[in-house]
1. Which residues' amide hydrogens lie under 5 Å from the amide hydrogen of B:Thr124, considering only partners 5 or more residues apart or on another chain, with H built in the peptide plane?
2. Once both labels are modelled 7 Å past Cα along the beta-carbon direction, what's the A:Phe81-B:Ser357 spacing in nm?
3. Amide H to amide H under 5 Å from B:Ile202: which residues, 5+ apart in sequence or cross-chain, H placed 1.01 Å off N in plane?
4. Checking the a/c ratio against 1.5 first, then a/b against b/c, what shape does the Cα gyration tensor give for the range B:1-86?
5. How would you classify the range A:74-223 from its alpha-carbon gyration tensor, with a ≥ b ≥ c the square roots of the eigenvalues: rounded for a/c under 1.5, else prolate if a/b is greater than b/c, otherwise oblate?
6. As a quick test, which of the pairs A:Lys98/A:Lys229; A:Lys280/B:Lys185; B:Lys185/B:Lys260; A:Lys22/A:Lys354; A:Lys22/A:Lys316; A:Lys10/A:Lys371 have an alpha carbon distance above 19 angstrom in this structure?
7. Remind me, relative contact order of the range B:246-328 in percent, using alpha carbon pairs under 8 angstrom and six or more residues apart?
8. Once amide H atoms are placed 1.01 Å from N in the peptide plane, what residues at a sequence separation of 5 or more from A:Cys173, or on another chain, have their amide H within under 5 Å of its amide H?
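Values quoted throughout were computed directly from the atomic coordinates according to the rules given, and no laboratory measurement underlies them. In this text, all values refer to a predicted model and were calculated from it rather than measured experimentally. Here the Cβ positions follow ideal geometry from the backbone for every residue, glycine too, while neighbour counts run over all protein chains shown.
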Protein chains: 2
Amino acid sequence: MVKINENFLKMQKNYLFIEIAKRVTAFSQAHPEADIIRMGIGDVTMPIAPVAVEAMKKAADELGVKETFRGYEDSGAGYDFLREAVAGYYQSFGADVKADEVRINDGAKSDCGNIVDIFGDGNTILITDPAYPVYVDTNLMSGRKVIYADSNEQNGFAAMPDESVDADIIYLCSPNNPTGSVYTKDQLKAWVDYAVKRGSVIIFDAAYEAFVSEEDLPRSIFQIEGARKCAIEMCSLSKTAGFTGVRCGYTVIPSELTVKASDGSEVSLAQLWNRREGSKFNGVSYPVQRAAEAIFTPEGQEQIRVNIDYYRENAKIISSTLDEMGIYYTGGKNSPYIWLKCPGGMGSWEFFDKLLSEANVVGTPGAGFGKNGEGFFRLTAFGDRERTKEAMERFKALKF
Amino acid sequence: MVKINENFLKMQKNYLFIEIAKRVTAFSQAHPEADIIRMGIGDVTMPIAPVAVEAMKKAADELGVKETFRGYEDSGAGYDFLREAVAGYYQSFGADVKADEVRINDGAKSDCGNIVDIFGDGNTILITDPAYPVYVDTNLMSGRKVIYADSNEQNGFAAMPDESVDADIIYLCSPNNPTGSVYTKDQLKAWVDYAVKRGSVIIFDAAYEAFVSEEDLPRSIFQIEGARKCAIEMCSLSKTAGFTGVRCGYTVIPSELTVKASDGSEVSLAQLWNRREGSKFNGVSYPVQRAAEAIFTPEGQEQIRVNIDYYRENAKIISSTLDEMGIYYTGGKNSPYIWLKCPGGMGSWEFFDKLLSEANVVGTPGAGFGKNGEGFFRLTAFGDRERTKEAMERFKALKF
């Protein structure tokens, strides 16, 4: 008789954002007249760049003609034109990444989850808390031991390594989802040193790098010395270029990143990952890869800059409101997320329900991101300008 | 220190088709003048249908305008418009599938591999041999016990259940890759009965269903009574509609398919799979889903029929050549694959090298699909008409 993976039974029944969607649907069915403003799931609202639309349409036309039709990619790792564009982008801000170290994927979430396949079950996983639920969920699904590094008010929601803790795989996200905090180069160097010393691997989620505006802050872990010996980076065009519905991201595994196997051989993690992907993935849609390529052209970069600036201005509107109300928060400056302390000492879900029912505004309960998120709440700057202003007006009118 | 998943070290270093690509590249570099005909990897050559091109372009335009922009799908399981189209397609040939039992994916390969996540490590996996390498590879990666059911000349390369063998998860593929054999309804019923009796699950790969031309042969396992209690089906538009580079498929898990967990609770496999996908997948590109929807319209079905008939004619050309040469083969009639016995008692890779070096034709060595594939060879009907004819002329001219 077939046996299920019983690790699933130990997990929360629903993925966080599916739970939120359910509650919002229930409220909206009970109150069809309510004008709901959604600042919950971190989804963008601005259209994709004109260069990306044109590139995708041109590629669709190519697929419709025998002479220019393309089927499977040979490797499934992404076309050279895109891998080279991604490497060039990294090099433009001083991160040492080569085209053949880049694998194109359908978004950072898939690889953040699937990467666990190449690691043994006996690893101890260190995850900063609060964190994007995918890191925890995917490791619990495979029955791994997960420990946490506390991000909290004391450290400005930017957890730092503790030399007394032993971890084999470390998940970091900067600019952070959900807290909006950004590691400095020195802070990230401390994590790299910690990993190199222990022979650990850092899984670095850089999905929000495009929101870093201060020049001194790192946008990639590969701007840090030593990272090529210990880090894997995932990034995505979802937030950078509004590709949440287009689906394209990339994973970088440096060629130097090797691990000693039990037989003494040095195993390349990039090769293991290629083997995994060769058997479980067939590459990203060709028109999507062409759209992504267009984003990395000077014209594409110019076009996405307009949207990113728009979201940054929304973030300012939210953070100014919180300043005005005297509410503690992190993020909002080099990040599209604002992480605030729930007013009146409320719990996360309590505040979620109050905000939804009294202001008809949807946010994300901090508790959904881990125990240190209890009493906190995430708002996103990805909304429409007028709706963001309206949401802040409704927020200010609430009584606590 | 981080530990790798050492199961990878027990596997062949390269995925079969990557190994073939390497050998072909090496030959082609050594013989730049060689006019190579590729009948190896099962990739299509005809362009995608005009309705799919137009749908994709229209969707790209929608993403470029704020009012019609779409970001994340709520569920990531596919838009209702496509799930309903897929369910309608199943119903059109008498398979009982509902829209909410369909999950849209980026191709059958991903789900065939990733589905192992929801099952426990203690399962015994039964795979017909020869088989598509993904079934074996993904189970070896996760350290599972794999046993084989022999497909061979005696049973026309269509393995049948053996009541004395105990298996928890069974992979079946019909029309079969690589052998081109197709199960009859009675044969498939025997597998369903075997699975229901044991509480086993069948993973049914229907990627080649569109090539079934005989009305009596099943195109889906859900045409068989009892299958809704034991089967998961994967299908794809790759071969049906030339989507190998577009990337779209679907997985069906019936609502009745439950498994008793160790705590006695009945667990829905569809719910487990949704939980897995909710954490590790974010849905398929919106323009790709619109292109797929177009394929299921009457106009789309008409357009893809032209290509399928074209490939069927190629299959006839290949099988007539083999008839003429007196070579044993299976497939070619309800399948785009022709599975032949290597002439002159040659081994699979020996024949691969001879065909490549002397006829400059690339095929797939049967040994790459399992031990029963040794001495056999796969050719595909997905090529260009003139090139297929040319390849057959060159084949006939070889001396053994």
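1. So B:Thr124 has HN proximity to B:Asp168, B:Ile169.
2. Each label point lies 7 Å from its Cα, and together they span 3.7 nm.
3. For B:Ile202, whose amide H was placed from the backbone, the distant partners under 5 Å are B:Ile170, B:Ala231, B:Ile232.
4. Judged from the Cα gyration tensor, the range B:1-86 comes out oblate (a/c at least 1.5, b/c at or above a/b).
5. oblate
6. A:Lys280/B:Lys185; B:Lys185/B:Lys260; A:Lys22/A:Lys316
7. Relative contact order of the range B:246-328: 20 percent.
8. So A:Cys173 has HN proximity to A:Asp205.
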